[in-house]
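The values are calculated or read from the model by the stated rules, or taken from the named source; none is laboratory data. Everything numeric here is computed off the predicted structure, so don't read it as measured data. Glycine gets a Cβ as well: all are built from the backbone with ideal geometry, and neighbour counts include every protein chain shown. Calculation scope for accessible area: heavy atoms of the full protein, side chains included, ligands and nucleic acids excluded. Shrake-Rupley method; radii C 1.70, N 1.55, O 1.52, S 1.80 Å.
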Amino acid sequence: MKNYKQTAADVLRLVGGDKNVTHLEHCSTRLRFTLADPGKADAAALKKTPGVMGVIASGPQCQVVIGNDVIEVYDELVKMGSFNAAAAAAPAPAGKKNIGGIILDYMVGIFQPLVPAIAGAGVLKAVLTIFTTFGILASTDVVYQVFYNVADAALYYLPILVAFTTATKFGCNKLVAVALAAAMISPATSTLLATEGGARFFGLSIQNIGYTGQVFPSILIVIFMAVLEKWCNKWCPKAIRVFFVPMFCFAVAFPVGLLLLGPLGYNIGSLLTAAILGLYNTLGWLAVALVAAILPFMISLGMHKALVPYAVASIADPGFDMLYLPASLAHNISEGGACLAVALKTKDENLRSTAISAGISGLFGITEPALYGVTLQRRKVTISVVLSSFIGGLFIGLMGVKGFAAVGPGIASMAMYIDPANGMNFIWACVGFAISVAASFILTFILYKDEEDAPAASAPASAPASSPAKAADATVYSPLAGTAIPLTSVKDEVFSQKILGEGVAVIPSKGELYAPADGQIASVFDSKHAISMTTDAGVDLLMHIGMDTVKLEGKGFTPLVKNGDTVKKGQLLMKFDIDAIKAAGFDTTTPVIVTNNEDFAVKPVADGAVAPGAALLKLEAVQ
């Protein structure tokens with residue numbers, strides 16, 4: 001039986017603890033963390049965690065791929081802390097900022113929560129189309145109208161939905177944001193904008209735009225409102241803040257939205273859609289095939305989320321997508337077919353079980369279990385999926401298949417390709433489904449062989465010479481001169497609560513860090529304030545110089561080793577300026593942590609004055 005609670009606890013510990021998480025959400029297969037300090041996350045250890053299929057880290061966003069058990073693990077995480085409450089007040093990520101990663105983080109935070117509502121509404125509309133096509137219902141029936149109205153509402157009121165998600169991401173008043181978006185699409189506003197000769201506000205002309213179904217106008221207005229709210233809160237007397245700040249936001253943001261931000265957002269959406277359609281018009285059916293072929297790599301890097309705003313905007317206007325959703329059909333089904341071929345051909349019982357589950361998920365539109373559990377670990381399976389995705393995408397592109405709902409294409413959601421104006425659209429989509437699954441199954445069955453395409457993870461433990469064997473016991477020696485203190489005395493909960501692991505802290509008296517054992521340097525952090533290494537005895541160590549010293553961005557630290565270096569016990573690894581660190585207001589206490597303490601029973605043996613090379617920790621291997 002799977003231990004979701006343990007997986008959740010391990011993941012939370014390795015992303016830096018609940019204090020490092022400013023926002024948490026999940027999609028169909030991934031936990032999506034926004035981290036205050038990305039440097040505190042241990043991606044390498046996360047990848048090795050039972051229940052974790054992969055990790056994608058970019059800027060402040062850390063995506064942990066769980067697979068089909070993501071909801072169960074998420075539910076356990078929610079019990080362990082309140083992660084989203086601090087989102088608004090969270091500090092900017094320390095250290096070097098990845099602008100692309102930050103932009104992607106905001107895009108995902110705004111658009112990802114919209115997908116279930118839009119997808120559900122789109123598929124429900126498609127099902128209603130099936131019923132009317134076969135004469136089961138008429139469009140004038142009350143039953144039809146009830147279901148159609150609720151499905152149509154998700155798109156009609158899309159500006160309100162996106163206002164809520166944007167306000168959540170930017171930490172401003174959600175109800176004020178929703179009211180602003182509602183005002184943009186209210187019948188009274190639509191009537192005003194349609195005034196003969198054009199409406200004018202203080203002499204300025206207001207462009208007549210229908211904002212129903214639009215996303216970018218709401219996003220810009222709410223971002224502007226968030227800035228106004230923050231600014232107003234700084235000077236507004238607390239006694240009147242409860243009504244004055246919302247009143248001020250309404251009075252300023254709505255006119256600015258009508259005059260400037262609404263038209264700007266509308267044009268941004270139009271340009272985005274035009275650019276994608278221009279790509280399609282330039283390359284035609286080839287564009288669908290190319291996107292389908294590169295989707296395995298885009299998804300593995302999280303880059304496919306950059307296409308979600310386009311998909312959402314296209315479903316709203318012009319009402320369909322001819323590129324991303326059709327390409328996704330070819331790719332998703334190819335993943336499923338390839339996994340089923342591996343399951344049929346492999347002699348590895350564990351792989352067979354994984355491939356069957358991943359194959360079924362792929363056929364239903366969930367590809368991460370297939371990608372991380374089977375495809376990307378095996379070169380020939382990857383080749384088969386890329387080729388079959390291209391083949392399926394060629395046919396789907398040639399037939400001009402359109403998607404009408406922003407949902408992952410699969411067996412359960414094929415109704416998303418029903419076009420009331422063109423009955424062949426659905427048929428061609430089904431044929432594309434069949435071509436993709438057949439091509440991927442046949443190619444994989446021909447190319448794949450266990451012994452020729454095994455992933456590194458399945459190699460015998462003795463194979464790689466660079467992987468240290470776990471010793472029966474080991475000793476970690478002090479890397480510093482100074483005073484050893486228990487971890488529980490460290491003024492940082494990540495260390496004092498032993499979230500990262502067991503160990504000892506040293507208050508250094510000299511700015512020199514030495515190797516505590518023979519081994520290999522795993523990582524010299526970009527901010528230079530910490531070094532991780534793996535000893536020859538198989539112990540994973542983290543030496544973190546000072547508290548919050550990541551904020552120094554490397555000032556005062558001089559590493560003398562680099563990633564991958566082999567070092568000997570007592571070798572000087574780094575020099576650091578104790579006086580400069582203290583002058584900047586930072587504590588120099590240096591934790592020495594065993595991060596794979598599940599493999600060892602760790603016993604601190606030092607307390608008080610220590611010299612470099614003195615015994616610090618005794619470890620006994622856990623059998």
Next item on the list: Might you let me know whether segment 3-15 holds any residue that is buried (at least 20 other Cβ atoms within 10 Å of the Cβ), more than 17 Å from the chain's Cα centre (by Cα) and among the hydroxyl-bearing types (Ser, Thr, Tyr)?
Entry: yes
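Here is a yes/no grid of residues against (1) in a helix (DSSP H, G or I); (2) closer than 23 Å to LEU161 by Cβ:
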site	(1), (2)
PHE224	yes, yes
LYS234	yes, no
PRO237	no, no
VAL242	yes, no
GLY257	yes, yes
LEU260	yes, yes
Item checked: Those residues of segment 198-219 which are farther than 18 Å from TYR157 by Cβ and either of a type in the set (A, V, I, L, M) or part of a loop (DSSP other than H, G, I, E, B) (or both), in sequence order -> GLY198, ALA199, PHE202, GLY203, LEU204, ILE206, GLN207, ASN208
Checklist line | First in segment 340-362 and more than 26 Å from SER413 (Cβ to Cβ), second anywhere and open to solvent by less than 60 Å² (accessible area, probe 1.4 Å) and of a type in the set (Val, Ile, Thr), Cβ under 6 Å, 6 or more apart | finding: ARG352/THR346
Notebook entry, point to check: Given THR166, THR195, which one is assigned to a helix (DSSP H, G or I) and surrounded by 11 or more Cβ atoms within 10 Å (Cβ to Cβ)?
Noted result: THR166
Checklist line | Within segment 485-509, considering residues that are surrounded by 15 or more Cβ atoms within 10 Å (Cβ to Cβ) and of a type in the set (D, E, K, R), the one nearest to LEU12 (Cα to Cα) | finding: LYS498
Check: So how many residues does segment 524-540 have that are closer than 14 Å to THR590 by Cβ, at pLDDT below 90 and open to solvent by less than 10 Å² (accessible area, probe 1.4 Å)?
Finding: 2
Check: Hey, any hits in segment 230-241 for a residue that's farther than 30 Å from MET399 by Cα and touching a residue at least 24 places away in the same chain (Cβ under 8 Å)?
Finding: yes
Next item on the list: Look through ALA330, ALA370, ALA358 and report the one residue that is modelled with pLDDT of 85 or more, among the hydrophobic types (A, V, I, L, M, F, W, C), part of a helix (DSSP H, G or I) and open to solvent by less than 10 Å² (accessible area, probe 1.4 Å).
Entry: ALA330
Margin query: Filter segment 296-311 down to the residues that are farther than 18 Å from VAL401 by Cα and either at pLDDT 70 or above or of a type in the set (Gly, Ala, Ser) (or both) and list them by number.
Written below: PRO296, PHE297, MET298, ILE299, SER300, GLY302, ALA306
Checklist line | Matching option when the condition is under 30 Å from TYR156 (Cβ atoms) and either open to solvent by 30 Å² or more (accessible area, probe 1.4 Å) or in contact with a Ser or Thr (Cβ under 9 Å, 6 or more places away or on another chain) (or both), among GLY365, GLY319 | finding: GLY365
Notebook entry, point to check: Can you name every residue in segment 129-145 that is in a helix (DSSP H, G or I), open to solvent by less than 90 Å² (accessible area, probe 1.4 Å) and not hydroxyl-bearing (Ser, Thr, Tyr)?
Noted result: ILE130, PHE131, VAL143, GLN145
Item checked: In segment 247-295, the residues that are at pLDDT 85 or above, open to solvent by less than 40 Å² (accessible area, probe 1.4 Å) and among the aromatic types (Phe, Trp, Tyr) -> none
Notebook entry, point to check: Restricting segment 93-108 to residues that are buried (at least 19 other Cβ atoms within 10 Å of the Cβ) and out of contact with any Ser or Thr (no Cβ under 7 Å at 6 or more places or on another chain), which is modelled with the highest pLDDT?
Noted result: VAL108
Check: Out of (1) at pLDDT below 85; (2) in contact with a Gly (Cβ under 6 Å, 6 or more places away or on another chain); (3) aromatic (Phe, Trp, Tyr), the odd one out for PHE586 is which?
Finding: (1)
Check: Across segment 29-79, what is the total count of residues that are part of a helix (DSSP H, G or I), open to solvent by less than 20 Å² (accessible area, probe 1.4 Å) and among the β-branched types (Val, Ile, Thr)?
Finding: 2
Check: Which of the following residues is in contact (Cβ under 8 Å) with a residue 40 or more places away in the chain, β-branched (Val, Ile, Thr) and over 18 Å from ALA338 (Cβ atoms): ILE418, ILE383?
Finding: ILE418
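Listed here are the residues, each with its yes/no results for (1) of a type in the set (D, E, K, R); (2) buried (at least 22 other Cβ atoms within 10 Å of the Cβ).
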{"residue": "TYR157", "(1), (2)": "no, no"}
{"residue": "VAL162", "(1), (2)": "no, yes"}
{"residue": "LYS174", "(1), (2)": "yes, no"}
{"residue": "ALA179", "(1), (2)": "no, no"}
{"residue": "ALA183", "(1), (2)": "no, no"}
{"residue": "TYR211", "(1), (2)": "no, yes"}
{"residue": "ILE221", "(1), (2)": "no, yes"}
Margin query: Anything in segment 490-523 that is part of a loop (DSSP other than H, G, I, E, B), within 23 Å of THR558 (Cβ to Cβ) and not aliphatic (A, V, I, L, M)? List them, or say none.
Written below: SER509, LYS510, GLY511, PRO516, ASP518
Notebook entry, point to check: So, of the residues in segment 524-565 that are of a type in the set (Val, Ile, Thr) and assigned to a loop (DSSP other than H, G, I, E, B), which turns out to be farthest from SER496 (Cα to Cα)?
Noted result: VAL561
Item checked: Restricting segment 373-387 to residues that are open to solvent by 10 Å² or more (accessible area, probe 1.4 Å) and assigned to a helix (DSSP H, G or I), the residue that is modelled with the lowest pLDDT -> GLY373
